[in-house]
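The values are calculated or read from the model by the stated rules, or taken from the named source; none is laboratory data. This is a predicted model, so every value here is computed, not measured. Note that each Cβ is placed from the backbone with ideal geometry, even for glycine, and that neighbours are counted across all protein chains shown. The accessibility values were calculated without ligands, DNA or RNA, using every heavy atom of the protein model including side chains. Shrake-Rupley method; radii C 1.70, N 1.55, O 1.52, S 1.80 Å.
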Amino acid sequence: METEEIRKEIVIGSGNLELAYDQWVALPVSGARPSARYKHAAAVIDEKLYVIGGSRNGRYLSDIQVFDLRSLAWSSLNLKSENADKLGNSSPQEVLPAISDHSVIKWGNKLLVLGGHYKKPSGSMIVLFIDLETHFCGVVETSGKVPAARGGHSATLFGSRLIVFGGEDRNRRLMNDVHVLDLETMTWDVVEARQTPPAPRFDHTAAVHSERYLLIFGGCSHSVFFNDLHVLDLQSMEWSQPEIPVDLVTPRAGHAGIAIDDNWYIVGGGDNKHGCPETLVLNTTKLVLSMLTRVKERDPLASEGLSVCSALIDGERHLVAFGGYNGKYNSEVFVMRLKPRDSSHPRIFQSPAAAAAAASVSAAYALAKSEKLDSSNLNLNSKGVENGLSKQNMTIEIDALKEEKRAMELSLAEVRAENSRLSEKIDEVNSTHAELSKELLSVQGQLVAERSRCFKLEAQIAELQKILESMQSIENEVQLLRRQKSVFEQEMELGKAIQTQGSGGVWKWIAR
């Protein structure tokens, strides 16, 4: 099929197009494409895909490329500088600093760029703004408990707040802390959450469910790739780890995710050896994970460091994916027309202790109901006698209700005992965690001391090397002086010999 024919079939919003649901389609592009890249950030606003920075061949990029989903053409966004002296740019022409592993969100008429790795590293996280109306770019002044600079983190919009989790700092230290940026006041705060948090990681994905729960999926440390799901209750500030079937999910990092209503779409990723070819969807209300579609093993969508966004076109939701790396850098744009899916009431994520407490409440409610039924049926008994019912039958019914009540009481006791056992287990785990934390701090202190000693030894070795180099120079000078002395001594001996011969000749002449 010729390119023009393909364009007629897949031009979005043409009114004649009917893309197949839940299938990726590569879009043909008019004109030049931007540089292929990965670990960029992307957002869709007004049917335009904005691609910010990224990395290619170890070089950070400083451009903003815009793809029009109507005309299927790329263009560059030329920025103007505001407080450029705070950006640490390498040249006056470079308004946006070269950046990789950052996050971007839309806030008002601006794009906010959070964190990332720069050529000139900073000690604390930098927030940049890009005004989509004036095209000004600059640094946002923030205050409060500003988190350490990092890349590969997640930044998730929660009302008027941004939740930042995890990442890797400039010294390759992994983190699993949680920070919140109030976008109304531009003030940072740190979240002190309870229970067991996810292991430190970067290149994961995050989403907010039901305006209450922060979901973290996948990512990696320096040696381990994850396929786990963690949930932070933003009301109780407690971590939990719901069980999901993982037979479909291989460990991955560098994947992209986007939450639409109650469905969380997860695309690509990999483990530095193999890309993940499946597009997954997690129904966050039912915790049901399924595979939406699958591409070929070496397809650009089976890449690490790609981006995926949501676009509303002609009233229908589409996914838009760009970039990534799977042995080569990619610059193709893919779209997927999403099939409408049913939404249901949000599921409450609970820790085991909370689940046991809920079961206890349910059992207590059932017990109270049985007592009410007991009383009600006694009234019915008297009324039944009046109507000629058998007193013996009513007695049997009451006995059955009492037996059911005793069973309910036994069930309630068992649930309370289980709740108590779980509480003790949690206390034990917390105690073990506290001891391990102390041990970890002790080991970290020892490592710091050893590093300091190593630094001192390296300095001493460097001094000794300098001394050895100077001693070699002195040795060369001594050898030269020895040779000069030897020559001088030889000249002295020769002079003495000549003098002695001359003196003997004179005496002989006098004797004659």
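Results, tabulated for the structure shown:
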read-out	value
Matching residues in the stretch 293-310 - criterion: being within 23 Å of the chain's Cα centre (by Cα) and not charged (D, E, K, R)	PRO300, LEU301, ALA302, SER303, GLY305, LEU306, SER307, VAL308, CYS309, SER310
Condition met for SER75 (farther than 18 Å from SER30 by Cβ, modelled with pLDDT of 95 or more and not charged (D, E, K, R))	no
Residue count, the stretch 314-326 (criterion: open to solvent by less than 10 Å² (accessible area, probe 1.4 Å) and not in a strand (DSSP E or B))	2
Residue that is nearest to LEU157 (Cα to Cα), among those in the stretch 213-251 that are open to solvent by less than 20 Å² (accessible area, probe 1.4 Å) and among the β-branched types (Val, Ile, Thr)	ILE216
Residues of the stretch 272-313 classified as outside any strand (DSSP E or B), over 25 Å from VAL208 (Cα atoms) and not hydrophobic (A, V, I, L, M, F, W, C), total	8
Scan of the stretch 149-195 for residues that are surrounded by fewer than 16 Cβ atoms within 10 Å (Cβ to Cβ) and part of a loop (DSSP other than H, G, I, E, B), ordered by number	GLY159, SER160, ARG170, ASN171, ARG172, ARG173, GLU184, THR185, MET186, GLU192
All positions within the stretch 411-435 that are open to solvent by less than 100 Å² (accessible area, probe 1.4 Å) and closer than 30 Å to ARG173 by Cβ	ILE426, VAL429, ASN430, SER431, THR432, ALA434
